[in-house]
Amino acid sequence: MGRVTLTFLLYLIIIFVGTCINSFSLTTTEIINNQLKISPNLGIYIKNLTKGKVISSHNSNKKFIPASNQKIITTLSSLNYLSSNYRFNSYFFVNNIGIDTFKPNKLIEEGSAINFYIDTRGDPTLSSGDIVRIVRFFKKKNLRSIKGNIILDNTYFEEPYFNNNWKKSWKGLVWAPHVSSVAVDENLYKAKGNKDLLMTDNPLYLLGIKLLREFRKQGIQVKGKVVLSRIPVKTKMRFNKVIYKHSSKDLGRIVKVVNKKSNNLYAEHLFKKLSANFYRSEGSWKSSAAFVSSFLVKKVGLNSGSFYISDGSGLSRKNKITPKSMVLLLDFARETEYFPYFYASLPLAGVDGTLLKRFKSKPLYKNLRAKTGYINKVSSLSGYFTSKNGDLYAFSIIVNNYNYSVRPFIDRLLTKIYYL
């Protein structure tokens, strides 16, 4: 190792140790300036919401890549437009052959149907257990055979199912999902001879195959195959059908999974759902980005030049937002009727989610609630905490292009502000 490298490392150690020893006596400005020596691309905005006073600001109007802090935007947009009690619905039904028009819930003619239809509306929470219950329902309705195909409507979300702004090398990785109008078992499956869970690149087809296998397991014959195709409106609207409506958990609980576990799949389903639901067209990343941008400008009051939306999870490096805009969004959320659901969805310091192993000591332990964010050379933390005097603070700290951990710095800075 060269003398220059050793000298530089010694310099960093001196800064780090010195900061740790003296951090309590340092001002917030001094703590930030020390960190800027090793993390110059740092953005900070911290506001006392109770008093309406800005406590700390550095590069607060500069746009940064937020990583998973993007999920704050996605979950708040969803709660605002869908409501906390919203549920994703999926419809499983058979039509025509073998159905008594005057008794639509009774199958006749030896329990046969031509096709089995699945009309999904963006639910990311479907499970194999749900499939067992769905097939059991139709078996109790005397369904014994499907002469045709299992047909899944593939038009609710627009292709591509994999975001073009994500790295192609991510395909197949469990945290980089393919997003179609449904997900079963979070798009994971086991292949023969492989103990590991694999990520499907065709979620609708995976659902079809799981249904096909469950039909056969419960003794219902299927002569056809799994088909992905638009289901005609007239087929959906016929009244003489046996139908099973599956509803997800409410959105208030789904956003907890998004934020506490930083679930990318759920986040992208919420994101695409917004444009599909309100534009009455195929949900897409492009149209949802426009929809969410409109929410941030018209509803929240952000400057359109202070952010850029590329996806719902934060995987895309094209996402951008200023720390100030993030705090303005958090401040906006505080005044909404759905704030309790959003606030409860954020990881609690030292207790759960992605903050389980952070802030394990007072005063921020069981106090701070915030969303973490991390992708290569990007680290972010945005959320709330209550200070020693009982004031509520909102903050956003984002670092891009860093080489050393910023967690100790964030801990020191927020702890210092707690005592102000």
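The values are calculated or read from the model by the stated rules, or taken from the named source; none is laboratory data. Here the structure is a predicted model, which means the values were calculated and not measured. Please note: Cβ atoms are built from the backbone with ideal geometry, for glycine as well, and neighbour counts cover all protein chains shown.
Odds and ends about this structure:
- Failed criterion for SER380 (all others in (1) in a helix (DSSP H, G or I); (2) within 17 Å of the chain's Cα centre (by Cα); (3) crowded, with 17+ Cβ neighbours inside 10 Å hold): (1)
Residue by residue, here is whether (1) at pLDDT below 90; (2) under 27 Å from LEU82 (Cβ atoms) holds:
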site: ASP100; (1), (2): yes, no
site: LYS106; (1), (2): yes, no
site: TYR117; (1), (2): no, yes
site: PHE157; (1), (2): no, yes
site: PHE162; (1), (2): no, yes
site: SER169; (1), (2): no, no
site: VAL184; (1), (2): no, yes
site: LYS190; (1), (2): yes, no
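- Flag if ALA290 is more than 16 Å from the chain's Cα centre (by Cα), closer than 27 Å to LEU173 by Cα and either among the hydrophobic types (A, V, I, L, M, F, W, C) or assigned to a loop (DSSP other than H, G, I, E, B) (or both): no
- Subset of the range 164-182 (residues that are more than 21 Å from PHE278 (Cα to Cα) and under 15 Å from the mean Cα position of the chain (by Cα)): VAL174, TRP175, ALA176, PRO177, HIS178
- Residues that are of a type in the set (A, V, I, L, M) and either out of contact with any Asp or Glu (no Cβ under 7 Å at 6 or more places or on another chain) or modelled with pLDDT under 95 (or both), drawn from the range 238-272: VAL242, ILE243, LEU251, ILE254, VAL255, VAL257, VAL258, ALA267, LEU270
- ALA267 vs. criteria part of a helix (DSSP H, G or I) and over 16 Å from TYR86 (Cβ atoms): no
- In the range 326-345, residue nearest to TRP166 (Cα to Cα) [restricted to those that are in a helix (DSSP H, G or I) and free of Cβ contacts under 8 Å to residues at least 24 places away in the same chain]: PHE339
Here's the yes/no breakdown for (1) buried (at least 20 other Cβ atoms within 10 Å of the Cβ); (2) in contact with a His (Cβ under 6 Å, 6 or more places away or on another chain); (3) within 26 Å of GLU158 (Cβ to Cβ):
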residue: SER293; (1), (2), (3): no, no, yes
residue: ILE309; (1), (2), (3): yes, no, yes
residue: GLY314; (1), (2), (3): yes, no, yes
residue: TYR338; (1), (2), (3): yes, no, no
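- Qualifying residue in the range 178-188 (condition: assigned by TED's automatic domain parsing to the domain that holds TYR161 and surrounded by fewer than 16 Cβ atoms within 10 Å (Cβ to Cβ)): no
- From the list LYS53, LYS47, the lone residue that is surrounded by fewer than 19 Cβ atoms within 10 Å (Cβ to Cβ), modelled with pLDDT of 95 or more and not small (Gly, Ala, Ser) is LYS53.
- Checked against the criterion of being crowded, with 17+ Cβ neighbours inside 10 Å, at negative phi, of a type outside the set (Gly, Ala, Ser) and assigned to a loop (DSSP other than H, G, I, E, B), the candidates ILE231, ILE254 yield just one match: ILE231.
- Check on ARG407, surrounded by 17 or more Cβ atoms within 10 Å (Cβ to Cβ) and of a type in the set (Lys, Arg): no
- Positions within the range 150-176 being among the hydrophobic types (A, V, I, L, M, F, W, C) and more than 13 Å from GLY283 (Cβ to Cβ), in sequence order: ILE150, ILE151, LEU152, PHE162, TRP166, TRP170, LEU173, VAL174, TRP175, ALA176
- Some residue of the range 367-374 being farther than 18 Å from LYS47 by Cα, of a type in the set (Gly, Ala, Ser) and surrounded by fewer than 21 Cβ atoms within 10 Å (Cβ to Cβ): no
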